Every structure is written in structure tokens, then in C-alpha cells.
Amino acid sequence: MRRHTTKAIGLGLVGMIAAGTVLTGCGESADNGKVRIEIVQYKQEAVKVFEQLEAEFNATHDDIELVIDSPNDATTILKTRFIREDYPDIIGIGGDINYSNFLDSDMLMDISDYEGLSDIKEAYLQTDKELEFVPKEGVYAVPYMANAAGVLYNREMFAEHGWEIPTTWDELIALCEQIQAEGVQPFYFGFMDTWTCLAPWNAIAVDLAPSDVCAEVNKGNTTFTENYREVAEKEKSLLAYAQDDPFAYGYNDACTAFANGDSAMYAIGSYAVPQIKSVNPDIDIDSFVFPASNNAEENVLNSGNDLQFSVMNSCENKEAAYEVMNFLLQDENVQMYIDDQSAVPCKKGEFVLPSMLDGMADYINEGKLVDYQDHHYPSEMSVDAMIQTYLLDDSENATDTFLKRFDTEWVRYNRDLIQKVQDYENEQNSAE
């Protein structure tokens with residue numbers, strides 16, 4: 001889950017991209033005789049970093065010219081280009097449903113032979129495997145940067161009041177009661193922007209629901225009603241510790257309020273820190289893993305691949321593309337991106353993490369993490385709006401209504417995918 005959502009490339013587009021078409025613009029030679037490698041990446045907030053990386057690469061390489069495009073709404077731009085058969089060499093996207101759809105369309109190159117994969121943390125490589133609709137042989141992305149979600153807290157405020165970091169759900173609720181009793185607002189939410197409803201949802205779900213719940217539902221082995229009840233009920237219970245009418249305030253309002261000390265905590269991801277610090281550069285922020293379970297050992301970090309690079313099947317110069325990725329993975333370039341974006345590196349190594357990740361550092365270093373559940377949700381289903389509607393529903397059967405709708409809408413928006421998965425499962429069982 002991330003702040004800037006994009007529409008997924010649906011299965012309908014896959015049928016429009018015919019195999020064996022004439023490919024253009026991939027690994028072509030530039031007028032200067034160099035091999036031209038084009039990256040299209042979706043992180044608009046990191047444009048300046050990529051401009052610097054492009055300049056440094058081109059200044060140090062005589063045989064390759066690197067061009068990095070960072071358009072607004074990059075996924076839509078890519079969709080249009082794919083229909084025109086105008087493919088970049090490398091795409092930089094998040095590890096989410098868009099990646100799943102690109103992979104399912106056989107547009108991405110198997111890069112199992114890329115030596116740089118040995119430097120990537122296994123947890124983030126595994127995250128990508130779980131995004132495959134059906135299991136595929138090979139590796140199709142290099143995880144570059146992740147983000148982390150849980151609870152941001154005002155470190156100075158906690159120290160002043162002597163509040164302790166909770167490690168279980170009961171401890172979190174007790175902390176909220178204590179904070180409230182001392183006249184401080186525990187949480188501030190920006191639920192007017194529906195996507196922010198997914199922040200606590202994802203952080204709670206990684207503790208309480210199986211990481212493969214969406215895949216198991218597609219196989220027909222379970223339902224969301226069986227897996228999401230506690231997740232839903234616990235997010236709803238947080239409203240008792242929110243500001244008055246959290247649905248009247250958006251993401252920017254919540255960031256501003258937290259930055260100004262109007263709440264002790266903010267259930268959001270690390271991606272919010274630049275926005276918060278733009279309001280109050282001096283705020284001392286730390287974070288902790290959301291303790292949704294009463295068994296502290298069951299609580300894990302909610303972290304997913306925020307930016308990863310995939311080589312397109314159409315790329316005509318794989319060696320040059322690999323050289324570009326080698327450059328991006330150089331330690332100094334990884335650290336530069338971390339410093340600029342308050343990001344979590346997917347590469348192994350002794351990197352300096354942002355201080356606001358101090359409370360999550362052990363989970364990051366140990367790979368004790370699970371991907372965002374919403375990375376498996378089709379954007380057309382608008383789960384964020386469904387959660388908002390549920391949180392606003394005060395009726396006695398609100399949770400039952402929400403869970404029934406979740407199951408119904410899942411089938412509606414995933415009918416073709418469910419059939420594809422179940423056909424695959426039947427083929428595997430027959431083969432046995």
C-alpha cells in the first residue's frame with residue numbers, strides 16, 4: 001500500500017498485446033553510438049533522485065546512454081505505450097497488483113541469471129513470488145526499495161509522559177486509554193481520503209490473517225469472512241481513540257495535525273514522513289510495528305516492495321540493462337535514495353536507516369515482515385472505499401454486512417482470475 005494509487009492493468013489488456021509483434025525502442029543505439037536504455041518509473045516524489053542517478057551514470061559510462069522517465073500516472077502511460085508496442089527496456093513499479101498483471105501477460109523477462117539478485121533480501125524476493133497469480137518459474141523483478149507501515153509516534157511526547165511502546169493488542173489499547181486520560185489525543189486519522197483507511201487495515205491484517213489469504217480464496221479453499229473478521233473489528237475499535245469525525249479530515253490534515261503535536265500517534269506508513277516533516281522539520285518521529293495480536297511473537301512488520309525494477313521481454317540488450325541495475329544497486333546510490341525518501345532498502349548491507357525506523361529496525365534486519373494485503377486487491381474493487389463505508393456503519397450487523405460484501409465483490413471483480421487459478425490447480429492435481 002502506498003499513497004499514490006494507480007489503476008491496475010486488467011486482464012483485458014493482456015489480450016490486446018499480441019505475442020510476436022514488432023518491437024520498437026528497446027535497447028536501440030543512440031545517435032552517439034551508445035546503447036540506449038530507457039527506464040520508466042512511477043515514483044514521482046523521487047524525480048530528483050533519478051535525475052541525479054541518470055546524470056551520474058551517463059557521466060561514468062561511455063557505451064550506454066541511460067534515460068529515466070518519471071511521468072505522472074506512469075502506469076497509465078505504460079498501458080498506452082504497451083498498446084502502441086512502444087516498450088521501455090526497464091520499468092520501475094511497485095510490488096502490487098500492477099506487477100501481477102504485467103507478469104501474467106508474459107511481458108517481463110526472466111532475470112534469474114542476474115547476479116545482483118544474490119544481494120537482495122530473501123523476504124522481498126518471496127514477496128514477489130506471492131504476487132504471482134499462478135506459480136511461475138524464474139525471477140522477474142529486482143526489489144529495490146520497500147516501505148514500512150505500522151504506527152508513527154512522537155518520540156519527544158512519549159519520553160515526556162513516560163509512555164511505553166506496546167507489543168500486544170491489549171497493551172496498545174491500554175496505552176490509548178492512558179494517553180486519553182492524560183488529555184492527549186492518541187490517534188489522528190485522515191479517513192476522508194479513502195486510501196488512508198487501508199493503512200491500519202494492512203498493518204493489522206499482516207498479524208491476524210494469512211499472507212496468502214487472497215490466493216487461497218481464489219483456489220476456493222477459504223473466504224474473507226473466515227479470515228478478516230478480527231481485522232475489521234480491531235480497525236473499527238480504533239475509532240474510539242481518534243479525533244472527532246476522522247472522516248472529515250484527509251491525509252494532509254492528518255499529517256499536519258500529527259506534525260503539530262495534535263496526536264501522540266499516527267497509524268500510517270513511512271511514506272508519510274516527508275509530508276509530516278514538510279510541516280514540522282524538527283519533529284522527532286519514531287515508529288513501532290502494529291501490535292494487532294496478543295501474542296507478541298505473532299506480530300510482524302507490514303512492509304512491501306515500494307519500488308522494483310523489471311526488464312521487459314522486448315529489451316534487446318539484456319547486458320546493458322543489467323549494467324544499469326548494477327549501478328542502481330551500488331551501495332552509495334542505495335543510501336542516497338534511502339536518505340532522500342526515508343525508504344527501506346531491499347538490498348542486504350549495512351545501510352543507515354532513517355531514525356524514524358529505529359523501532360522497526362530489528363524486524364527489517366531480520367526479514368520479519370509480510371506484504372500489504374491490498375497489493376493483492378484489484379483496484380476496481382475499491383476496497384478502501386468499502387472499509388470507509390464499514391467504519392461509518394454503526395449498525396449491529398455492520399461487520400457481517402462488510403464481510404459478506406467483501407466476498408461477493410471479490411468474486412465479481414476476480415471471476416476470470418479465479419477461473420484461471422482453479423484451472424491451474426485442477427491441472428496440477430490431474431498431473432499427480
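Filter the range 89-119 for residues that are part of a loop (DSSP other than H, G, I, E, B) and either in contact with a Ser or Thr (Cβ under 9 Å, 6 or more places away or on another chain) or without any contact (Cβ under 8 Å) to a residue 12 or more places away in the chain (or both) and give the result.
89, 94, 95, 96, 107, 109, 111, 113
So, in the range 335-345, how many residues would count as being closer than 14 Å to residue 147 by Cα, assigned to a helix (DSSP H, G or I) and of a type in the set (A, V, I, L, M, F, W, C)?
The total comes to 1.
Please work out if residue 215 is surrounded by fewer than 21 Cβ atoms within 10 Å (Cβ to Cβ), touching a residue at least 24 places away in the same chain (Cβ under 8 Å), among the aliphatic types (A, V, I, L, M) and under 21 Å from residue 127 (Cβ atoms).
For residue 215, the condition - surrounded by fewer than 21 Cβ atoms within 10 Å (Cβ to Cβ), touching a residue at least 24 places away in the same chain (Cβ under 8 Å), among the aliphatic types (A, V, I, L, M) and under 21 Å from residue 127 (Cβ atoms) - is met.
Among the residues of the range 50-82, write down those that are in a helix (DSSP H, G or I), buried (at least 19 other Cβ atoms within 10 Å of the Cβ) and aliphatic (A, V, I, L, M).
Listed by number, the residues that qualify are 53, 74, 78.
Mind counting the residues in the range 207-225 that are of a type in the set (Asp, Glu) and within 17 Å of residue 414 (Cβ to Cβ)?
Adding up the residues that qualify gives 2.
Looking at the range 257-290, which of its residues are surrounded by fewer than 21 Cβ atoms within 10 Å (Cβ to Cβ), under 23 Å from the mean Cα position of the chain (by Cα) and not aromatic (Phe, Trp, Tyr)?
Across the range 257-290, the qualifying residues are 274, 275, 277, 278, 286.
Select, from 390, 413, 424, 372, the only residue that is of a type outside the set (Lys, Arg) and in contact with a Gly (Cβ under 7 Å, 6 or more places away or on another chain).
372
Any chance you could count how many residues in the range 362-391 are acidic (Asp, Glu), under 21 Å from residue 195 (Cβ atoms) and surrounded by fewer than 16 Cβ atoms within 10 Å (Cβ to Cβ)?
1
Out of the residues in the range 162-175 that are without any contact (Cβ under 8 Å) to a residue 60 or more places away in the chain and surrounded by fewer than 17 Cβ atoms within 10 Å (Cβ to Cβ), which is farthest from residue 293 (Cα to Cα)?
It comes out as 162.
With the checklist (1) in a helix (DSSP H, G or I); (2) acidic (Asp, Glu); (3) surrounded by fewer than 15 Cβ atoms within 10 Å (Cβ to Cβ) in hand, flag the one item residue 394 doesn't pass.
It fails just one condition, (1).
Sort out which residues of the range 47-99 are hydroxyl-bearing (Ser, Thr, Tyr) and out of contact with any Cys (no Cβ under 8 Å at 6 or more places or on another chain), and write them in order of number.
60, 70, 75, 76, 80, 99
Pull out all pairs, ordered by first then second residue, where Cβ-Cβ is under 7 Å, the residues are six or more apart or on different chains, the first lies in the range 50-74 and is farther than 11 Å from residue 327 by Cβ, and the second is assigned to a helix (DSSP H, G or I) and aromatic (Phe, Trp, Tyr).
68/50; 70/50
For residues in the range 205-222 being part of a helix (DSSP H, G or I) and over 20 Å from the mean Cα position of the chain (by Cα), which is nearest to residue 400 (Cα to Cα)?
217
What number of residues within the range 13-49 satisfy the criterion of being surrounded by 16 or more Cβ atoms within 10 Å (Cβ to Cβ), at pLDDT 65 or above, not in a helix (DSSP H, G or I) and not aromatic (Phe, Trp, Tyr)?
Result for the range 13-49: 9.
Take residue 8 and decide whether it is modelled with pLDDT of 95 or more and closer than 24 Å to residue 343 by Cα. Explain how you work it out, then say what you get.
On the way: modelled with pLDDT of 95 or more: no; closer than 24 Å to residue 343 by Cα: yes.
Considered against the rule, which asks whether it is modelled with pLDDT of 95 or more and closer than 24 Å to residue 343 by Cα, residue 8 comes out as no.
The values are calculated or read from the model by the stated rules, or taken from the named source; none is laboratory data. Keep in mind that this is a model prediction, so the values were computed, not measured. Ideal geometry is used to build each Cβ from the backbone, glycine not excepted, and the neighbour counts take in all protein chains shown.
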